[in-house]
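The values are calculated or read from the model by the stated rules, or taken from the named source; none is laboratory data. Because the structure is predicted, anything quoted here is derived from the model rather than measured. Using ideal geometry, Cβ is built from the backbone for each residue, glycine included, and neighbour counts are taken over all protein chains shown.
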C-alpha cells in the first residue's frame, strides 16, 4: 500500500478523512461538524469526489489537532455500520494484529522440544 | 564502553531543551507541521500508523547496564513496556506521545542516549560487529574507529543536508557480522602484506528498490587518512548526488551511474587536495579516544573449567544452549553469550522492560556492565566467565531469552512491517511468528543448520531481505498481502543478493512454501554439512522452485 498521502486522489467508493492526533499520534476520523473522533462510526462518510476534496482540505487546515490527513476507504456494512476498507485501515483502526510484548504467551517460556 | 564527557552531556541537555520548546510551539500552533516535521526527524521522531515512534541511536551497538535500565524505565513510563531492537543496532519506542517525548528524551539524555541523526538525510549510526573487542583474531577493536567517525559525523555542518540518508559500517574480523557490503560506506580493518593495519573502503552498497553491493574503491587506506578520505567521498556525494528524485538519491546510484572507477577517481582528486590538512588523523587524537574506552580487567582463568563441563553433562537444555548461543572469547576462561530475542511465537527483536532490567542486572553481575545489540536483532553479553555460564543460562532461560536458535531457521530478522510502519505494504511480524512455530523443533533446526530468513514488509528492505538465505518481501496485490521469495542471499564477507524464486505467494501460504523450500534443501544437499545457502549456490533456484510451487 503506497502511503495514502502519496496517492493521487481517486474516488472509488465511500471514504472518510483520517489522520493522526497531533498530541499522541492516535488514529482519528474527521466528523460532520469538523471535529475529530477516534470512533470510525462518528466519521463523516464522503460520497462524491468533490465532497472528498472539500473535507480533506478542511481537515488539512486543522493542524492544531491532526497530522497527515488523507482519504481512507471504508466499507458500509448492512445496517449502516462502517468498517475500515482495507487491511492498512483495519490495522490503523484496531491496532497491531499481534499481541504486544509484555503479554508473554505460554509458548515462549516453554522449552523448545529437543 | 566509551565514557562521554561534560561537553557531550551539555550538548544533549541543550538539544532536549530545544526540542521541548519546538514541541511546545507545535502544540500551540506557532509552528506548522511543515516547519516542525524536519525538526522532529532530526531527533529521530517519526509518525507511524498508530503513534509517534522514537528511534534512539546505540553507537556501534554498545550499551551500559545503566543505559539499558533507563531504556526499560522509559519503556515502562512513557511507552507500553517494551522496545524494539533494529537492524542498525538501534532501539525503537512505538507508543510515546508527542507531549511526553521531551520528558522521555530528557531521561535518556541523562545517560547519553539520544535520537540525533537516527533519521533524515544525515549520517546515521555507525554500526559494527556485535562481538567487537572480544572476538578472537580480531585485528583491533573496530569500535574505536566507529567512535572516531561518530564524533566527526555528528552535526557535521557540511554534511547535514546530504541528498539522502547515509549509513556506515565497520568491521575488523574476517567474518563480517556487520553486513558492511550493503552499506553506503563499508570499512574493513585488516592487516596487509607489509603488516600495516588499515581499511579496505567500499562504497555504494545498499538495498531497497535498487540493491547494490559496495564496491572497493580503496583497497588499503592508512588509518591516518580515514577522516579525510571519508570527507572526500561525502563531498563527491554531496556535490553530485541527485536531489531531484528520492529513489535515485543514495550514493549507490551515483557510484553505479559513474562507475566505480570514475567515482574512485573523483574521490581521489578531492582527497589529494585535503589529505594532509587538518583532517589527517593525529595519533594523539586516536589515543585519546581509545583511552576513553573502558575495558574490563579480565581475571586469569582457564578455558573449559570443570564446573562448566559438569553442568554441560548434567543438563541437555544447557548443553544445547552452550553449543548454539555461546562462543569463544579472546580472554581465556570467558565467553561471548548471545541472547535470543526470537522466542517461539514472539515478535523478532522485541524486549520487555522487565527483560531489559533483568539483562542489565545480569550484565552487572556477569558481563562488566556491558551489553551489545546485533544487527540481527539479538543482544549479547560480551564478557561472561565460563564458570558463570550455568548461572547466566538459568536466568536467561527463566526470562525467555535462551532459545538456542541463534543463526538457525527461527532466528529471523524482520522489520516491524504493516503492524506498525506507515511505509509498509504487508505485515512481517506475524509471518516471522508463524515460521518460528512451524520450525519449533530443535532437532529439525539443528539439522537445517545455519539458515537466515529475512523479512521486509516493503521494498525499503529494513529487514534486509535481499541478503537473506531466504528473503521474503511483502507486497500488496488487490488489497491482499503477498510475499516475493528470494534465495541465496548473503550479508557476510561473501555478500550476495538473493535470486527471485518465482511468483509471489499469498500470506496464507507463505509459511507452507518456506517449509517446502526447506524440505527441498534436505533432499538436495550433498551432505548434512552443506549449508542451505551453499546448496542454493551450487544448484541455483530451479530445483527449489519446482518443489516450492508444486501442487499440494
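Please count how many residues of region B:214-224 are surrounded by fewer than 21 Cβ atoms within 10 Å (Cβ to Cβ) and not in a strand (DSSP E or B). Adding up the residues that qualify gives 2.
Selection of region B:363-380 for residues being surrounded by 24 or more Cβ atoms within 10 Å (Cβ to Cβ) and over 22 Å from residue B:491 (Cβ atoms) yields B:363, B:367, B:371.
Scanning region B:404-427 for residues being more than 10 Å from chain A (Cβ to nearest Cβ) and either in contact with a helix residue (DSSP H, G or I) (Cβ under 8 Å, 6 or more places away or on another chain) or free of Cβ contacts under 8 Å to residues at least 60 places away in the same chain (or both) gives a total of 6. Scanning region A:26-66 for residues that are without any contact (Cβ under 8 Å) to a residue 40 or more places away in the chain and under 17 Å from residue A:90 (Cα atoms) yields A:26, A:28, A:29, A:30, A:37, A:38, A:39, A:42, A:43, A:45. In region B:476-503, of all residues being within 14 Å of chain A (Cβ to nearest Cβ) and either under 22 Å from the mean Cα position of the chain (by Cα) or surrounded by fewer than 18 Cβ atoms within 10 Å (Cβ to Cβ) (or both), the one that is farthest from residue B:87 (Cα to Cα) corresponds to B:478.
I'd like to know if region B:415-429 contains one or more residues that are part of a strand (DSSP E or B) and either surrounded by 24 or more Cβ atoms within 10 Å (Cβ to Cβ) or within 21 Å of the chain's Cα centre (by Cα) (or both).
No, there is no match, as no residue in region B:415-429 is part of a strand (DSSP E or B) and either surrounded by 24 or more Cβ atoms within 10 Å (Cβ to Cβ) or within 21 Å of the chain's Cα centre (by Cα) (or both).
Please work out if residue B:27 is at the interface with chain A (Cβ under 10 Å from one of its Cβ atoms) and in a helix (DSSP H, G or I). Answer is yes for this residue.
Is it the case, given these coordinates, that residue A:96 is within 26 Å of residue B:431 (Cα to Cα), facing another protein chain (nearest Cβ under 9 Å) and at pLDDT 95 or above? Yes, satisfied. Restricted to region B:283-312, and to residues there that are free of Cβ contacts under 8 Å to residues at least 24 places away in the same chain and under 18 Å from residue B:326 (Cα atoms), the residue that is surrounded by the most Cβ atoms within 10 Å (Cβ to Cβ) is B:312.
When you go through B:446, B:440 one by one, which is the residue that is part of a helix (DSSP H, G or I), surrounded by fewer than 24 Cβ atoms within 10 Å (Cβ to Cβ), within 14 Å of chain A (Cβ to nearest Cβ) and in contact with a helix residue (DSSP H, G or I) (Cβ under 9 Å, 6 or more places away or on another chain)?
Unique residue meeting the criteria: B:446.
Selection within region A:21-41: residues that are closer than 16 Å to residue A:57 by Cα and touching a helix residue (DSSP H, G or I) at 6+ places or on another chain (Cβ under 7 Å). The member of this set that is modelled with the lowest pLDDT is A:34. Taken over region B:180-203, the residue count meeting the criterion of being over 18 Å from the mean Cα position of the chain (by Cα), in contact (Cβ under 8 Å) with a residue 24 or more places away in the chain and in a loop (DSSP other than H, G, I, E, B) is 2. Of all positions in region B:49-56, none carries a residue that is in a helix (DSSP H, G or I) and under 24 Å from the mean Cα position of the chain (by Cα).
When residue B:493 is tested against the conditions (1) touching a helix residue (DSSP H, G or I) at 6+ places or on another chain (Cβ under 6 Å); (2) not in a helix (DSSP H, G or I), the lone failure is (1).
Could you say whether any residue in region B:463-482 is at pLDDT below 95 and in contact with a helix residue (DSSP H, G or I) (Cβ under 8 Å, 6 or more places away or on another chain)? Break it down stepwise before answering.
Just the residues of region B:463-482 that are at pLDDT below 95, to begin with: B:478-479.
Those still in the list that are in contact with a helix residue (DSSP H, G or I) (Cβ under 8 Å, 6 or more places away or on another chain) too: B:479.
For region B:463-482, residues at pLDDT below 95 and in contact with a helix residue (DSSP H, G or I) (Cβ under 8 Å, 6 or more places away or on another chain): present.
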